[in-house]
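For reference, the structure is listed below as structure tokens.
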Amino acid sequence: MTSPLDPNVSGSALRILITGASGLIGSSLIPLLEQQGHQVLRAVRRPPLTPDEVCWRPLTDAKELPTEELEAFEDLDVVVHLAGENIATGRWSEKKKSRIRSSRIEATRNLVSLLSRTSSPPDSFISSSAIGGYPADGDDEMTEASPLADTFLGHLCRDWEESSVPLGRVGTRVVHLRIGLVLTPAGGVLEKLLPIFRWGLGSRLGSGRQWMSWIDLDDLIRIVSLSIEDSSIDGALNCVAPGSVRNIDFTSTLAAALNRPVAPPIPAFIIRMLFGQMGQSLLLEGQRVTPARLNSLGFQFLSPDLPAALRNQLR
């Protein structure tokens, strides 16, 4: 019997569809799932070119799809839903916020409606969410039981997760991966920071007291694998390491890992001037999040603290 604490080994081959397959997480997850012997299908927004691709039109209502596109979603064991517009690029204009919501909420509703219309909906639906939905800048640790905030990101995550609820009514197990800052030089925050810090220009942002709850990419894909294998997991799952740090400590730790000095801090008003609400929410505010459910499951992090994660990712 496969242990849920050993997600590198699969108990049985599954037919798994992934949206956002070409993204940072999806492209790293697929090799692991294939190594475990699963059949992995990629949802693409164009006509399929290979047998492992499935055409998916995220903003089209399932009732409007032709029969052949609906049939491509039959006989799936698991759907891992990772697609969504990047929220960390550009200012959050009203148009940008509308695209962000549509790419997550409308796309998820349409996907859930599509899967619900199949003759046999998938056993499991693993959907990404984010820790940004929790209240920011408090020192209390946020667990999966903590309420989401009354903010743009709080409402986004709440509506995003609620879009999956109908699948639970047809017997599908639904997991919401509340993902923290993903650390890898291949993308995300670390990819953006590395050149700046290597030039000796890395500095704290504003007061530097805002929390940064992060996860090593290698641990994250193990968590996704675990959520696929362990049928006892459902609902919210905080995908963060146990070692949340403040921005000032993140800055000094990354600078030390690169053997570079720390530059003078960037004042908060400059960040607000350059990036508006996005800068305030993502750069000047943060959530102190703990992986309560993963800890209760006995999940063993490969990188439980920031120095370990940087050693792993920068080697």
Practice prompt. Return yes when Gly23 is closer than 30 Å to Lys192 by Cβ and surrounded by fewer than 19 Cβ atoms within 10 Å (Cβ to Cβ) and no when it is not.
Written response: yes
Notebook entry, point to check: Is it the case that segment 87-95 has a residue that's out of contact with any Lys or Arg (no Cβ under 7 Å at 6 or more places or on another chain) and under 30 Å from Ser232 (Cα atoms)?
Noted result: no
- Message: Tell me yes or no: at least one residue of segment 229-252 is crowded, with 19+ Cβ neighbours inside 10 Å, among the aliphatic types (A, V, I, L, M) and over 24 Å from Met142 (Cα atoms).
- Response: no
Checked segment 154-210 for anything part of a loop (DSSP other than H, G, I, E, B) and farther than 24 Å from Ser227 by Cα; matches are Pro185, Trp199, Gly200, Leu201, Gly202, Ser203, Arg204, Gly206, Ser207, Gly208, Arg209, Gln210
Residues of segment 305-315 being of a type outside the set (Gly, Ala, Ser) and either under 22 Å from the mean Cα position of the chain (by Cα) or assigned to a helix (DSSP H, G or I) (or both), in sequence order, are Asp305, Leu306, Pro307, Leu310, Arg311, Asn312, Gln313, Leu314
When segment 186-203 is checked residue by residue, the ones that are crowded, with 20+ Cβ neighbours inside 10 Å and more than 24 Å from the chain's Cα centre (by Cα) are Phe197, Gly202
The residue from Leu32, Leu59, Leu76, Leu49 that alone is over 19 Å from Arg173 (Cβ atoms), touching a helix residue (DSSP H, G or I) at 6+ places or on another chain (Cβ under 8 Å) and assigned to a loop (DSSP other than H, G, I, E, B) is Leu59
- Query: With respect to Ala145, is the statement that it is closer than 17 Å to Val240 by Cβ, out of contact with any helix residue (DSSP H, G or I) (no Cβ under 7 Å at 6 or more places or on another chain) and in a loop (DSSP other than H, G, I, E, B) true?
  - Reply: yes
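Residue under question is Ser163, and the condition is that it be under 25 Å from Ser281 (Cα atoms) and modelled with pLDDT of 95 or more; does it hold?
yes
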For segment 211-225, state whether one or more residues are over 16 Å from the mean Cα position of the chain (by Cα), assigned to a loop (DSSP other than H, G, I, E, B), in contact (Cβ under 8 Å) with a residue 24 or more places away in the chain and on the phi < 0 side of the Ramachandran plot. no
Within segment 105-137, residues part of a loop (DSSP other than H, G, I, E, B) and within 22 Å of the chain's Cα centre (by Cα) come out as Pro122, Asp123, Tyr134, Pro135, Ala136, Asp137
Of the listed residues (Ala13, Ala88), the one being aliphatic (A, V, I, L, M), surrounded by fewer than 16 Cβ atoms within 10 Å (Cβ to Cβ), modelled with pLDDT under 95 and touching a strand residue (DSSP E or B) at 6+ places or on another chain (Cβ under 9 Å) is Ala13
Residue pairs qualifying under the 7 Å Cβ cut-off, at least six apart or on distinct chains, with the first in segment 137-150 being β-branched (Val, Ile, Thr) and the second being in a loop (DSSP other than H, G, I, E, B) and at pLDDT 95 or above, are Thr143/Thr290
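The values are calculated or read from the model by the stated rules, or taken from the named source; none is laboratory data. Here the structure is a predicted model, which is why all the values come from computation and not from measurement. Here the Cβ is made from the backbone with ideal geometry for all residues, glycine too, and neighbour counts use every protein chain on show.
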